[in-house]
1. Within region 129-146, can you find the residues that are surrounded by fewer than 22 Cβ atoms within 10 Å (Cβ to Cβ) and in contact (Cβ under 8 Å) with a residue 40 or more places away in the chain?
2. When you look at residue 281, is it in contact with a helix residue (DSSP H, G or I) (Cβ under 7 Å, 6 or more places away or on another chain), at pLDDT 90 or above, over 17 Å from residue 149 (Cα atoms) and not hydroxyl-bearing (Ser, Thr, Tyr), yes or no?
3. Can you name every residue in region 113-147 that is closer than 20 Å to residue 409 by Cβ and β-branched (Val, Ile, Thr)?
4. If I go through region 113-128 residue by residue, how many of them are in contact (Cβ under 8 Å) with a residue 24 or more places away in the chain and surrounded by fewer than 24 Cβ atoms within 10 Å (Cβ to Cβ)?
5. Any idea which of (1) modelled with pLDDT under 90; (2) surrounded by fewer than 18 Cβ atoms within 10 Å (Cβ to Cβ); (3) small (Gly, Ala, Ser) is the one residue 16 doesn't satisfy?
6. Take the residues in region 168-196 that are loosely packed, with under 13 Cβ neighbours inside 10 Å and modelled with pLDDT under 95; name whichever of them is nearest to residue 23 (Cα to Cα).
7. Residue 394: of a type in the set (Gly, Ala, Ser), in contact with a Phe, Trp or Tyr (Cβ under 6 Å, 6 or more places away or on another chain) and either farther than 30 Å from residue 204 by Cβ or assigned to a loop (DSSP other than H, G, I, E, B) (or both), yes or no?
8. Might you let me know whether region 348-365 holds any residue that is hydroxyl-bearing (Ser, Thr, Tyr), in contact (Cβ under 8 Å) with a residue 40 or more places away in the chain, over 17 Å from residue 393 (Cα atoms) and surrounded by 24 or more Cβ atoms within 10 Å (Cβ to Cβ)?
Amino acid sequence: MTPTPNATVVPPTQAAPGVSHGVVALALSLLLGLQPLTTDVYLPALPMLTRALGASMPAAQLTMSALILAFGVAQMFWGPVADRIGRRPVLLAGLALYALASVGCVLADSIGTLVGWRMVQGAAMSAGVVCARAIVRDLYEPLEGAQVMALALSGLGVIALAGPLTGGLAAAAWGWRGPLAVVAVAGALTLAFIAWRLPETLSHKNPRATQLRPLVRQWGQIGRHPAFVAWAALVACSYGGLFTILAGSSFIYMDVLGLSPGPYGLAMALGSLSYLVSTFLCRRWISSLGMAGAVRRGAWFTLAGGASIAALAALGVQGLWAVLLPHCLFLFGHGILQPCGQAGVVAPFPRAAGTASALAGLALAGVAFGVGRWLGVALDGSVRPLAYGVAFWAAMTCTVAWTLVQRHAR
């Protein structure tokens, strides 16, 4: 994959003087970690709040899918604004709104109010995620950016590892509001760190980034770029499988397999540990094989997870190991594919990284919203909907990884 002719590499010292690679990686981990923080910590509380608020299954799933839809749509606003005024103002505004919305979720007294605050929360957290991807392109060349992204996603893996455990303990101690309070505190701490340690990274602001006609033209140029299409499709399909696990796992592990919140949190943490380990392997493979080569190998783990969970469900096997082992295999593949995909979507667009990140995020959110709405009607008291959903997205991910990425993203 080669940058477009106007690609310029901005050294870290030029765009962000005095900021080490470690600080950048930690900031990226916290910003990208908002997404698993907002979903994973909350998962053990999902069946509990469904019962406490008298919500239907589709309404309960809407607390997840509406958040992700708002997350995707809001990126179309934050991305161009970040290209025009810089990353730091967008981050501070978005994180402040995120903290406020998180408090609103804790205080919600009906499922409708909770869904509303979750939508605000999703729109706010998108500022952090879209700027994180853009910061990678501000500071690094594509290959180095993928390695830094893998390091940042190792930090995200730690957050994802701790999230379900913390959420399970908080739900057991304080009920369904406990995990939401944990999210609010973590959001406030992230805001404090970014305000304290992360300076502006964008060295060349685009004053026309938010003008409608140039913006629409830029959307079209980015959306037609073969490398962008390949990487964005990979990110969206792999996240489709992950979101199937996230949105359905609490009902499967707790209601079908009979786990309490604590053991359920441990099961989800094992999946996150698998993801964390694979991000370290990803960095090695990127160095030796390049991004496309790492994706080609990593997709085999994705396929193994999807195929095994579907086969076991079709055979009527409904034990904990029959769900957890494929779950871990799928997340192992996800930890290899995502760093490459997250860096790849912005790599050709050094002057429009925020906008490119937003378009990729919109595609991802559209997939996740569809998955959430489907699960709301498909969950039937067995593992089959979850299993077949993961298998479908595993097949889609591998198709993209072995065709579009190999063809266009070198």
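The values are calculated or read from the model by the stated rules, or taken from the named source; none is laboratory data. On a predicted model such as this, the values are computed, not experimentally measured, just so you know. Quick reminder, even Gly has a Cβ in these numbers, built from the backbone with ideal geometry, and neighbours come from all protein chains shown.
1. 141, 143
2. For residue 281, the condition - in contact with a helix residue (DSSP H, G or I) (Cβ under 7 Å, 6 or more places away or on another chain), at pLDDT 90 or above, over 17 Å from residue 149 (Cα atoms) and not hydroxyl-bearing (Ser, Thr, Tyr) - is not met.
3. 136
4. 4
5. In the conditions (1) modelled with pLDDT under 90; (2) surrounded by fewer than 18 Cβ atoms within 10 Å (Cβ to Cβ); (3) small (Gly, Ala, Ser), residue 16 misses (2) alone.
6. Of everything passing the filter in region 168-196, 196 is nearest to residue 23 (Cα to Cα).
7. No.
8. Yes, some residue in region 348-365 is hydroxyl-bearing (Ser, Thr, Tyr), in contact (Cβ under 8 Å) with a residue 40 or more places away in the chain, over 17 Å from residue 393 (Cα atoms) and surrounded by 24 or more Cβ atoms within 10 Å (Cβ to Cβ).
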